[in-house]
Amino acid sequence: MRPYSIALLMVLPVLLLSQKKPLNYFLPSAGDKSAKYDPSIPTPEQYFGFQIGEWHLSHDQIIAYYKALDAASPKITLHEYGRSHEGRPLIYLTITSEANHANLQSIQREHLMLCDPVHSSKLDISKMPIVLYQGFSIHGNEQSGANAAPLVAYRLAAAQDQANMQLLNDAVILFDPCFNPDGMQRFSTWVNANRNRNLNGDGNDREYDEPWPRGRFNHYYFDLNRDWLPGQQPESVGRIANFQAWRPNILTDHHEMGSNSTFFFMPGVPSRVNPLTPKLNQELTAKIGTYHAAALDEIGSLYYSEEGFDDFYYGKGSTFPDAQGCIGILFEQASSRGHLQNTANGPLSFPFTILNQVRTALSTQKAAIALRTELLDYQRNFYKNAFDEARKDSRKAFIVGEKNDKARLLKFVEMVRRQGIQVYETKEGIKAGGIAFEPSNSYIIPLEQQQYKLILGMFQRDTTFTDSIFYDISAWTLPLAFNLEYASLTGSQFSSKMLSKEVVSTQLPDGQLIAKVSDYAFAFEWDAYHAPAALYSLIRKGILVKTATKPFAANTVNGQRNFGYGTLLIPTQNQKQEGEGLLGSLREAANLGHLTIYGLTSGLTPTGIDLGSSNFELLRKPSILLMTGEGVTPMDAGEIWHLFDTRYEMPVTKVDLSEVTAGLLEKYNVVIMPNGSYGALNAEAIRTWVNGGGTLLAIEGAVKWLETKQIGSITLKKEPEPPSASPARRPYDGASEDRAAMEMPGTIFEAELDLTHPLCYGFRRSKLSVFRGSGLFCEATKNPYASPLLLTKQPLIAGYVPRKNKPMAPNSPSVLVTGIGQGRIICMLDNPSFRSFWYGTDKLVANAIFFGNIIAAQTVERK
């Protein structure tokens, strides 16, 4: 054989993989002349000008194609259900037969009656269509799903075979082709811009090295697949509304995983299922799985099930449905992360990854039709059984309340109602769990309603588990996340007479200015969640604002009023604005903060410090640098950015840590270091800047970096030494699971606040629930004032704690303050803004930003 022939054979696989695939590569029988496809429906290739898999589709391209399908096919109706942060349309298609389209409202109404035991027994499920929700690529750089979707939609619109006709007669398909438009656009732009004409499977190629934060996340770097339950992002709010409007029988979620993997479909690990999920749910998931196995067997694709992934956290797309009479199914395809990658299983092409997603989308449809009545009956019985369980439950309702911050309480109610849960105002004062709940600031959630299981999932507070490994977090108790008081009401405590009107909408409190031009000064309390927005709106205009480091009472136009730690004071004198101009700025601040600003009539107070006291500290305008880039965890940086940008209405400057220099830092008085490793950060520049008077907020992993660089006085606890005796022998195949069981998976601890400390201003109760996402624990400080937030003696509230960490948690600092020279370093071992639904500790971040520099030098931990 001649030498060049050998070379040709070596490159032949790559050349073959780079060739365009015919339509029948993806769709069974699409190339068969006997198979009929409606020629009036454009194929993806006809529309785009290239075959699926040759390039990564951009979001605008797929939207245009679905509009074309909507126009061409009476089987498809396109709905826009929202906009992403970057203004991209969020759409879904309703795909069903023309006859079903003509009767869609009746079908929807009858289907929802399956969730109502009063009516469900009268329904003839043999004549009812099944409802299937198929969703794709919630992670923007996992694009085989979103690129498979046009092929699946084309087949549904164009195929004229008997199987497709039966599918459309017997099913209503809610088809969400791209859950994450902003992430998809970011990723597709990168891989297309770096695509080689001669495809290169070398993973070192620039094509496969997308820059931070990468396309996985939405605009604010959020993982949207963790947001199905809390629903804090616009993409999530829209798709939750779609789900609740239909209550589908199956929801599929098409993902990707590491390139050296194969293909995964549910069920996951049997021992890691949420205990609230019925056993039959997993049995039906496995039954559906046999259809996926058959489809993948047909094309020879490797796959696996029942390992690696779980069904525990109800905030994930494939688990969220399990608490609502629906079967959630996760698909994970090995990712080409571009157009071609060399992997342990051979060359992995983008078209092949799309092929697997297409075939499992079709196998889901096939299973839905074959199991239609069984799945409809399961849904009916799920809600019937849920009502039966609710009646037997000794708890009859949950009551939640918050006396000092109505906005935070209303945001919780809004989140709960979003999930189709009934919430009621309280008619009278109630005492439960040692807490006095007042009608004006509390709400009741009865348990005898359709979403009984999901309500329990929201209030879930487990500390013991059948397994010690979690794919995601182990605890998320939502009233604790919002720092609300709550209690369960038993049969003897609860009566429907306690319920006032049902909440049908929520509106944050209107801002109020109760003052007149002649007032001596103005004040507002720091309790309100949006108070930082009010404060910043004043400071940015050059208005002088002070904060009270001690409580006081003052005379207002409405009489005497008590003001606590952290109250904001705006003197009338020596301001750049005066008279009506100042009042106008105060009204604007009150509206931004959803709070009340009071006019004070005299500087002499009835009790506490007078208004001219040195115990009022003048506040500076924060100029904030937020560390980003490689070495910073995108989700953690995004949480902080989102907090300031969308809730506090404050600008932050995002800077890649590799670009941080001493000269750059001089422009800012506050630096935030979210969780990360910080390998490339200039330690000396940080040290010098803090020494000169900067306020540094370090969160989770950033605290470890500071300890390593000896910036400030920080000592992390070391893990306990293993017993001196040789450990008992363990099975080799359990090593990876043993290691995973030693990880802290996301746990809720109880901490105790020093309510007099500036970092704790705005909190009224001494106990606070904090979210710990790592196994980092600090040693106690030597300075008795330097730990304003300490974990309690028995801190575990909910979640799993590995054995090695249990002795490390009690009485350890959650927040500590250290410093160098004139600066302050505020270390937070817990995540204060976790996934943007941990409203209860966001105020810690605001306090660090606004009050960090006023923390007295003698209270700071130093070497």
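Please determine, in degrees from 0 to 90 and to the nearest 10, the orientation of helix 279-299 with respect to the longest principal axis defined by the Cα atoms of the chain, where the helix direction is its Cα long axis.
That helix lies at roughly 50 degrees to the long axis.
Share of the chain's accessible area from carbon and sulfur, percent, 1.4 Å?
Of all accessible area on the chain, carbon and sulfur atoms account for 49 percent.
With every protein chain left in place, what is the accessible area per residue of segment 718-831 in square angstrom, probe 1.4 Å?
Here the residues of segment 718-831 average 50 Å² of exposed surface.
Just one of (i) 34.4; (ii) 30.5; (iii) 29.4 is Kirkwood radius over Cα pairs in Å calculated from these coordinates, so which is it?
Of the labelled values, this structure produces (iii).
Of the listed pairs Lys122/Lys384; Lys396/Lys431; Lys427/Lys497; Lys411/Lys767; Lys127/Lys384; Lys403/Lys431, which have alpha-carbon separations greater than 18 Å here?
Where the Cα-Cα span goes over 18 Å, the pairs concerned are Lys411/Lys767; Lys127/Lys384.
With every protein chain left in place and a probe of 1.4 Å, what is the accessible surface of Tyr81, to the nearest 10 Å²?
Using a 1.4 Å probe on the heavy atoms, I get roughly 40 Å².
Give me the number: length gained by fully extending Met742 to Ala683, i.e. 0.36 nm times residue separation minus the C-alpha to C-alpha distance, one decimal in nm.
18.2 nm
Rounded to the nearest whole Å², what accessible area per residue is found for segment 551-643 with the 1.4 Å probe?
Per residue, segment 551-643 has an accessible area of 40 Å².
Roughly what angle does helix 104-113 make with the longest principal axis of the chain, taking Cα atoms, 0 to 90 degrees, to the nearest 10?
Its long axis makes an angle of about 70 degrees.
Could I have the simple spin-label model distance between Ile514 and Lys718, label points 7 Å from Cα toward Cβ, reported in nm to one decimal?
In this crude spin-label approximation the distance works out to 5.8 nm.
Based on the alpha-carbon gyration tensor of segment 106-163 and its eigenvalue square roots a ≥ b ≥ c, which shape applies: rounded if a/c is under 1.5, prolate if not and a/b is larger than b/c, or oblate?
Note, shape of segment 106-163 comes out oblate.
Can you list the aspartates and glutamates whose alpha carbon sits under 19 Å from that of Lys576, skipping same-chain ones fewer than 8 residues off?
Asp519, Glu588, Glu617
Return a whole-number percent for the relative contact order of segment 621-744, with Cα pairs under 8 Å and 6 or more residues apart as the contact set.
23 percent
What 222 nm value per residue comes from the helices of the chain, counting each DSSP H run with n ≥ 4 as -39,500 (n - 2.57) and dividing by all residues, nearest 500 deg cm²/dmol?
-9000 deg cm²/dmol
Under 12 Å from a label point 7 Å along Cα→Cβ of Ala370: give me every residue in segment 88-110 with its amide N that close.
none
Would you mind checking the tilt of helix 144-158 against the longest principal axis of the Cα atoms of the chain, expressed as 0 to 90 degrees and rounded to 10?
50 degrees
Leaving out ligands and nucleic acids, and using a 1.4 Å probe, what accessible area per residue does segment 438-501 come to in Å²?
Each residue of segment 438-501 exposes 36 Å² on average to a 1.4 Å probe.
Pairs of Cα atoms under 8 Å, at least six residues apart: use those to get the relative contact order of segment 676-831, whole percent.
That works out to 34 percent.
State, to one decimal in nm, how far the label point of Asp393 lies from the label point of Asp733, with both points 7 Å from Cα in the Cβ direction.
Here the answer is 4.0 nm between the modelled labels.
With a cut-off of 8 Å between alpha carbons and a minimum separation of six or more residues, what is the relative contact order of the chain in percent?
Relative CO of the chain lands at 10 percent.
For segment 291-407, rounded, prolate or oblate, judged on the Cα gyration tensor with a ≥ b ≥ c (square roots of eigenvalues), a/c < 1.5 rounded, else prolate if a/b > b/c?
Oblate, because a/c is 1.5 or more while a/b does not exceed b/c.
Number of Lys-Lys pairs in segment 581-712 under 22 Å by Cα, sequence gap 8 or more or different chains?
Summing the qualifying lysine pairs gives 4.
The values are calculated or read from the model by the stated rules, or taken from the named source; none is laboratory data. Remember, predicted model here, so these are calculated numbers, not experimental data. Here Cβ is always computed from backbone atoms with ideal geometry, including for glycine, and neighbour counts include all displayed protein chains. The area values use the complete protein model at the heavy-atom level, side chains included, leaving out ligands, DNA and RNA. Shrake-Rupley method; radii C 1.70, N 1.55, O 1.52, S 1.80 Å.
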